[in-house]
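Please treat every number below as a calculation from the coordinates, not as lab data. Because the structure is predicted, anything quoted here is derived from the model rather than measured. Quick reminder, even Gly has a Cβ in these numbers, built from the backbone with ideal geometry, and neighbours come from all protein chains shown.
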Amino acid sequence: MNFELDETQEMIRDSVRSFVAGRVSQPAMKWNEGHGDAREALCELAGLGLLGVLVSEKAGGAGLDVLTLAISLAELARGDAGLAAMVAHHNAVALGHLLAAGYDNKPQLQRFAQGDALLCRAASEGSDHLDGATITTTATKQADGAWSLKGHKRLVPLGNLASHSIVTAMTEAGPIALLVDLDAAGVTRTLSDTLVGLRTCDLADLTFEAVAVPEANFLGDAAAVASRVAALARITTAAIALGVTRAALAAGVTYSLERKQFGKPIARFQPIQWQTADSATELEAAELLTWRAAWQLSTSGATAHSVEKAAIFALESAQKVADRALQMHGGYGYTVDFPVERHFRDAATLRILADGPDVQRVAIAKGLATGANGVR
Amino acid sequence: MEFALTEIQQMVLETARSFADNELLPNAAATDKTGTFPAAAVKTLAELGFLGVAVDEKWGGAGFDNLSYAIAMEEISRGCASTGVIMSVNNSLVCDPIKKFGDDFQKKRWLTPLAQGRRLGCFALSEPGSGSDAAGMRTTAILDGDDYVINGTKNWITSGKEADVCILIAHSDPSERHRGISAFIVDRQESPYGIGKVEDKLGIKGSSTTSLVFDNVRVPAVNRLGAEGMGFKVAMSTLDGGRIGIAAQALGIARIAFEEALAYSRERSAFGKIIGDFGAIREMLADMATEIDAARLLIWRAAVGKDRGENFGKHSAMAKLYASEMSARVCHKALQIHGGYGYVKEYNAERHVRDARITEIYEGTSEIQRLVIARATQVAFDTSQS
Ligand SMILES: Cc1cc2nc3c(=O)[nH]c(=O)nc-3n(C[C@H](O)[C@H](O)[C@H](O)COP(=O)(O)OP(=O)(O)OC[C@H]3O[C@@H](n4cnc5c(N)ncnc54)[C@H](O)[C@@H]3O)c2cc1C
């Protein structure tokens with residue numbers, strides 16, 4: 001048992017931390033108001049090796065593990081959760097799917113891993129979100145071996161910025177995944193609705209109208225990689241939640257030390273101290289659950305639904321901690337002059353990045369009922 | 001970062017678990033009902049080295065680390081919460097301060113028999129008039145020749161009836177507050193003191209809680225633990241470690257409550273369905289399992305901090321706060337899942353609620369833990385102080 005970062009993890013965390021201080025903290029406010037976008041920051045993150053974290057060095061990536069990715073995302077999310085959401089999606093969900101599917105087109109993989117092109121994954125169709133089984137998008141094999149893709153996907157992170165998307169589709173033989181060039185004929189990208197939070201994150205709805213996808217871009221059975229991709233989505237969402245939680249805690253405590261009422265800093269009042277203690281404790285627990293699950297995913301594989309436990313805990317504590325931090329700010333917390341309202345909105349929106357806690361609770365409970373996961 | 005147990009830690013876990021399964025679980029309800037001290041279990045704890053888990057072998061202990069101690073505490077408390085607190089007090093509140101602050105004479109004379117379980121220890125800080133505000137204590141220890149003369153009453157002392165070695169915290173200089181406090185090893189055979197009435201409690205009924213009455217009791221000056229005036233520091237540092245043990249006790253209680261509720265939820269039917277398949281019951285069970293894991297990691301984080309010689313006070317306060325309140329929530333839900341059967345003694349659910357409740361009170365109430373955590377957190381952000 002050892003809770004220290006190793007040298008590589010520390011180095012990466014520190015480089016993300018200084019990147020956030022220099023390049024994210026200031027513009028984050030503007031990005032979230034829809035002024036300018038974070039495209040440039042994304043390009044710079046490629047320079048830090050943060051766009052191919054899980055891809056092997058041989059294939060042009062950083063060759064690091066899920067734990068190191070989670071640590072980087074938590075740090076990045078302290079500056080801007082929406083930016084972190086894009087980085088998480090590209091690395092863990094999209095590239096995570098490619099890697100799990102055994103994709104071996106080296107030059108293409110290298111372009112994604114080095115950030116020369118961005119990759120997204122379009123799975124959700126809206127109402128089916130909780131139940132990935134009902135895919136209405138279809139793929140039909142053509143005489144020349146290519147696939148014809150038809151359907152509509154909703155709320156795809158990086159949907160406007162990515163050059164390619166992994167798209168899940170139904171065939172007669174079951175669900176498959178295809179790697180689709182988003183500049184191909186028949187693809188329409190539309191900006192998704194503005195969400196409550198994560199506003200820096202690029203989101204698009206994608207429509208495919210008889211899009212021809214070459215046979216070489218067939219990624220196999222979508223169901224076979226679904227649990228790995230879901231685990232990666234959940235754990236990276238948990239990591240982003242940690243960043244939001246830490247940022248909100250810091251905002252609340254810092255404000256409470258400065259704001260004076262009744263002749264003393266409000267930090268001296270017990271109700272404020274109580275909230276501070278609960279937030280700090282929940283953050284610590286959320287971190288430990290997340291690091292442990294990420295460590296398991298990096299080594300032998302997750303057990304006893306540790307990923308779901310981490311995700312539930314991290315997502316829910318982000319909302320609680322952000323709510324307390326907003327309350328500590330009094331009326332000022334309700335204005336956009338302080339970043340705490342953004343943390344509050346981001347915390348509330350995180351659950352769109354992975355299944356919500358309710359779905360994950362069902363997964364845990366099913367495991368418990370069958371004896372598949374105990375608490376020891 | 002690395003989350004695996006070592007072979008020794010794994011062995012400690014398995015040893016503790018099989019002892020709990022075979023000897024503690026079958027007797028826990030009777031121990032609660034009769035309120036008798038679990039003497040046979042304590043004897044076995046001694047044989048297993050569990051009364052001095054983190055004491056060097058050189059001084060008669062098992063020579064394991066504090067993480068092993070936390071692991072063993074969880075398993076033992078899962079078997080019997082009363083046995084758990086007796087174990088925790090002997091390890092954390094008695095052996096630990098002698099190990100940390102004692103000289104070789106004191107270690108040889110008391111640490112070894114305590115760690116081997118030939119003697120049993122208690123820790124006396126609280127008084128009828130002072131609990132959270134420990135420095136408000138009234139008991140005095142006045143130097144007179146080669147002895148300190150002790151006068152006063154200590155209250156709520158766990159194992160007070162059975163213990164024959166007492167770590168006593170008292171004012172050696174009543175004109176000072178914190179800085180006038182010293183710590184002593186009081187040997188009941190050498191310096192007999194009075195035992196007050198045994199408290200009748202809500203839970204942990206197999207563990208005795210008594211007052212200790214000191215009426216001109218003479219204690220040799222060589223029994224002083226640490227320097228004069230250092231007693232408050234001894235007490236606070238001791239409690240930092242003790243909180244790991246109590247947090248693990250809370251966790252063990254939560255685990256058995258959860259396990260029984262899970263099993264019950266698979267047996268009981270209503271409306272033609274196994275109750276464990278209702279969404280509401282599932283949600284409770286999933287939350288219980290999640291919070292149990294969170295508590296365990298906080299406890300392990302604190303224990304590893306202690307093993308590494310870090311300043312672990314904030315982490316042990318977090319572990320104690322979270323684990324104790326988690327245990328209360330989990331036991332409450334476990335009782336709820338049993339319905340009416342949770343409210344009667346035919347099942348254990350009501351006992352777990354009663355046993356869990358104490359962990360939010362002793363070794364620093366939840367309120368005191370929150371003060372400790374809030375201060376540490378605020379200081380970390382306070383630029384005006386750095
Ligand atoms: C079964 C049992 C076993 C025990 N074993 C031992 C033992 O072995 N050795 C020993 O020395 N003691 C022991 N204790 C004593 C225990 O540690 C105290 O009961 C505890 O510290 C609380 O003190 P108190 O009961 O005097 O409550 P008080 O200190 O009077 O507190 C009453 C209430 O006020 C709150 N409060 C107090 N101060 C503050 C503050 N500054 N801010 C906010 N809220 C505050 C408390 O949290 C609590 O809710 C035991 C107690 C029990 C019940």
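Annotations for the structure displayed:
- Cα shape, segment B:122-228, gyration tensor, a/c 1.5 rule: oblate
- Pairwise FRET efficiency - A:S163 versus A:L191, Cβ, R0 = 22 Å, nearest 0.05: 0.80
- Dipole magnitude (debye, nearest 20) for segment B:7-120, charges at Cβ of Lys, Arg, Asp, Glu: 500 debye
- Between segment B:90-137 and segment A:216-291, the Cα center-to-center distance that results, in Å: 39 Å
- Residue-span extension gain [A:S227 to A:F262] - 0.36 nm each, minus C-alpha spacing: 7.1 nm
- Rounded to the nearest 20, the Cβ-based charge dipole of chain B about its Cα centre (Lys and Arg +1, Asp and Glu -1) stands at 400 debye.
- Report note on the peptides A:337-350, A:312-325, A:189-202: ranked by the mean count of other C-beta atoms within 10 Å, highest first, their order is A:312-325, A:337-350, A:189-202.
- The simple Förster model, with R0 at 51 Å and r as the Cβ-Cβ distance, assigns A:E10 and B:V222 a FRET efficiency of 0.60.
- Loop GluC sites (Glu not before Pro), segment B:310-369, which have at most 14 other Cβ atoms in a 10 Å radius of their Cβ (DSSP): B:E310, B:E346
- Between B:D382 and A:E172, the modelled label-to-label distance comes to 7.4 nm, taking each label 7 Å out from Cα in the direction of the beta carbon.
- Chain A: calculated mean residue ellipticity at 222 nm from DSSP helix runs of at least 4, using -39500 (n - 2.57): -15500 deg cm²/dmol
- Taking the charge dipole of chain B about its Cα centre, with +1 at Lys and Arg Cβ atoms and -1 at Asp and Glu Cβ atoms, the residue from B:A334, B:G152, B:L48 reaching farthest to the positive side is B:A334.
- For peptide B:260-270, the mean count of partner chain Cβ atoms within 10 Å of a residue's Cβ comes to 1.
- Relative contact order (%) - criterion: Cα under 8 Å, at least six apart; region: chain B: 16 percent
- Taking the helices alone, chain B has a mean residue ellipticity at 222 nm of -15500 deg cm²/dmol, built from -39,500 (n - 2.57) per DSSP H run of at least 4 residues and averaged over all its residues.
- Averaged over peptide A:261-273, the number of partner chain Cβ atoms lying within 10 Å of each residue's Cβ comes to 2.
- Segment A:159-185-segment A:23-50 distance, computed between alpha-carbon centres (Å): 27 Å
- Projecting the Cα positions of A:V87, B:H315, A:G197 onto the charge dipole of the protein assembly as shown (unit charges on Cβ atoms of Lys, Arg, Asp and Glu, taken about the Cα centre) puts B:H315 furthest along the positive direction.
- Oblate is the label for segment A:1-118, because a/c, from the alpha-carbon gyration tensor with a ≥ b ≥ c as root eigenvalues, is 1.5 or above and a/b does not exceed b/c.
- Where Rh is the Kirkwood radius over Cα pairs, Rg/Rh for segment A:119-224: 0.96
- Within segment B:132-165, backbone nitrogen closer than 15 Å to the virtual label 7 Å beyond the Cα of B:D103 toward Cβ: B:146-148
- Placing a pseudo-label 7 Å from each Cα along the Cα-to-Cβ vector at B:D215 and B:R138 gives an inter-label distance of 1.6 nm.
- Between A:T303 and A:K106, the FRET efficiency from the beta-carbon distance, with R0 = 35 Å, is close to 0.55.
- With Cα atoms defining each centre, segment A:54-110 and segment B:195-230 are spaced 59 Å apart in the structure.
- In loop segments of segment B:282-386 as defined by DSSP, the trypsin sites (Lys or Arg not before Pro) with at most 14 further C-beta atoms inside 10 Å of their C-beta are B:R308, B:K345.
- About the centre of its Cα atoms, the protein assembly as shown shows a dipole size close to 1320 debye [charges on the beta carbon of Lys, Arg (+1) and Asp, Glu (-1) only; nearest 20 debye].
- Residues B:K107, A:K141 arranged by fewest to most Cβ contacts within 10 Å: A:K141, B:K107
- Estimated inter-spin distance, B:S18 and A:E209, nm [label 7 Å along Cα→Cβ]: 7.1 nm
- Each of B:P97, B:G63, B:C166 was placed along the dipole of chain B (beta-carbon charges, centred on the mean Cα), and the one lying farthest toward the positive end is B:C166.
- Within straight-line reach of A:K141, meaning a Cα separation under 16 Å, sit the following lysines at least 8 residues removed in sequence or on another chain: A:K150.
- Over 24 Å between alpha carbons, listed pairs A:K153/A:K309; A:K309/B:K333; A:K264/A:K320; B:K33/B:K161; B:K205/B:K233: A:K153/A:K309; A:K264/A:K320; B:K205/B:K233
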